[in-house]
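Below: one structure, written as structure tokens.
Please treat every number below as a calculation from the coordinates, not as lab data. What you see is a predicted model; the values in this text were computed from it and never measured. Note: ideal-geometry Cβ built from the backbone for every residue, glycine included; neighbour counts use all protein chains shown.
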Amino acid sequence: MIIEEILTPKRCHNKISVTSKTRLLSTISNIIATDNKSLDVDTVFCGFVERERLGVTSLGKGVAIPHCKIAACTKITGSLITLENPIDFGASDGQPVDLIFALVAPNSNDKQHDNTLAEIAKLLNDDDFCFMARQTFDNEDLYNVTIMT
């Protein structure tokens, strides 16, 4: 997987301010749907909420990968977010989340979805990457740190 295939500078947001997991998922849904006209913001939001009901998508250490499958989605689409203040995400280690890589995928390709999730999880388990992402100054910096990893 090449990160630029699923992430764009418009979908990288540095140090946003949200107060809850629900607000975060709503914000991510807006970011993704705004940059992908084939996706409806409410459908994306419902997809994220439904997936979170199955089990939290936090990896621990302050990172999470909320993800869902949407019928109208034609290709895997990602959004990378850092938060100004960490929020509770129901992580098994009890740590609040401040680094989020969200994914929306088509219903049809389970193998590609699973492989992409595994690659993103590997990236977010890299302590050096997480440190650099958390130290970025703006959206462009966050995108550049990600694609150079």
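Using alpha carbons only, what's the Rg to Rh ratio of the stretch 3-147 with Rh from Kirkwood? Write out the running numbers ahead of the final one.
Working: Rg = 13.7 Å, Rh = 14.9 Å.
For the stretch 3-147, the value is 0.92.
Using mean Cβ contacts within 10 Å as the protection proxy, how do 119-132, 65-78 order, highest first?
Sorting 119-132, 65-78 by mean packing, highest first, produces 65-78, 119-132.
Could you give the length gained by full extension between SER38 and ASP128, i.e. 0.36 nm per residue of separation minus their alpha carbon distance, to one decimal place? Display every interim value, and only then the final one.
Values: separation 90, 0.36 × 90 = 32.40 nm, distance 3.48 nm.
Here the segment from SER38 to ASP128 would lengthen by 28.9 nm.
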**Prompt:** Who wins for biggest fluctuation among VAL56, VAL97, VAL44 in a Gaussian network model of the chain, springs between alpha carbons below 10 Å?
**Reply:** VAL56
**Request:** First check a/c for the stretch 1-80, with a ≥ b ≥ c the square roots of the eigenvalues of its C-alpha gyration tensor; if it is under 1.5, answer rounded, and if not, answer prolate when a/b is larger than b/c or oblate otherwise.
**Result:** rounded
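Ratio of Rg to Rh for the stretch 50-118, alpha carbon only, Kirkwood? Each step should come with its number before you reach the end.
On the way: Rg = 12.5 Å, Rh = 12.6 Å.
Rounded to two decimals, Rg/Rh equals 1.00.
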**Fill in**
Here FRET efficiency (C-beta to C-beta, ASP114 to PHE137, R₀ 30 Å, nearest 0.05) is 0.35
**Complete:** For the chain, the charge dipole (Cβ of Lys, Arg +1; Cβ of Asp, Glu -1; about the Cα centre) points to a positive end, and the Cα of LEU80, GLY47, PHE101 closest to that extreme belongs to GLY47
